[in-house]
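To start, the structure under review is shown below, and the notes come after it.
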Amino acid sequence: MPSSVTPDIAGLRALSHPVRLRMLGLLRTEGAATATTLAQRLDLNTGATSYHLCQLAQHGFITEDTDRGNARDRWWRATHDSTRADFQEQQQDDEDVEAYLSTVALVYGDRLRAGAAEMRFLPDEWRTVGTLSDWERSLTPADAEALVEKLTAIIEQTPDSEDEGAAPFSVKLNAFPRPGALGTGE
């Protein structure tokens with residue numbers, strides 16, 4: 001599976017729906033699934049789930065897993081490990097970008113709340129390895145870009161462990177100018 005995808009404007013619009021972003025996340029983290037399985041997992045009806053799956057497939061985020069299922073049960077899998085948004089390279093409407101970013105923030109916030117709520121129930125060796133930290137640095141745009149590139153490289157170069165004690169470990173990288181710091185009125 002390719003490491004990441006940078007969606008075009010139509011892809012960003014498709015991912016601006018919270019259900020689609022959650023679905024894609026589930027297919028990436030939990031593997032292939034049917035519309036029925038995803039509908040149960042997301043508390044949706046199968047018709048809505050099928051519609052959202054078709055939208056994700058139309059934009060290349062998922063594909064049918066032809067090694068599984070039959071004519072009645074279609075299985076779907078993610079085509080990429082991650083999504084990277086590059087707002088400099090493409091002509092994109094500010095409203096489309098804002099809708100996508102708002103959806104990402106919503107989904108990330110839900111995941112962060114779930115992780116924080118589960119923290120006290122984790123085995124001791126897992127309770128001490130994560131972090132919910134934040135830092136602020138005064139940087140130029142070039143410095144900020146270099147920092148994000150370095151952090152991304154570290155994450156992408158870290159291999160999955162095959163050890164018995166390994167478990168899925170979620171890393172979300174959020175880096176942006178502090179709201180209001182550049183006189184935008186926030």
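The values are calculated or read from the model by the stated rules, or taken from the named source; none is laboratory data. Since the model is a prediction, treat every value here as computed from it, not as a measurement. Note that we place each Cβ from the backbone using ideal geometry, even for glycine, and neighbour counts take in every protein chain shown. Areas reflect the complete protein model, heavy atoms only, side chains present, ligands, DNA and RNA absent. Shrake-Rupley method; radii C 1.70, N 1.55, O 1.52, S 1.80 Å.
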Give me the one-decimal nm value for the distance between modelled label points at Cys54 and Ala105, 7 Å along each residue's Cα-to-Cβ direction. 3.2
Compute the accessible area per residue over the chain, keeping the other protein chains in place, probe 1.4 Å, unit Å². 72
Just how much of Ser4 is accessible, in Å², when a 1.4 Å probe is used and the result is rounded to the nearest 10? 40
Max mean-square fluctuation residue, GNM over the chain, Cα-Cα springs under 10 Å, options Val19, Val104, Val171: Val171
Multiply the residue gap between Thr140 and Asp67 by 0.36 nm, knock off their C-alpha separation, and tell me the result in nm, one decimal place. 21.4 nm
Once you place label points 7 Å from the Cα toward the Cβ at Leu122 and Ile9, how far apart are they in nm? 4.1
Sticking with the crude label model, points 7 Å out along Cα→Cβ, report the distance from Asp93 to Lys172 in nm, one decimal please. 2.7
Net charge of neighbours whose Cβ lies under 10 Å from the Cβ of Ser3, counting Lys and Arg as +1 and Asp and Glu as -1: -1
Where the accessible area of the chain is counted over protein heavy atoms with a 1.4 Å probe, how much of it, in %, is carbon and sulfur? 49
Counting as exposed only chymotrypsin sites (Phe, Trp or Tyr not before Pro) in DSSP loop states with no more than 16 other Cβ atoms inside 10 Å, the longest exposed-site-free span of the chain is 1-86
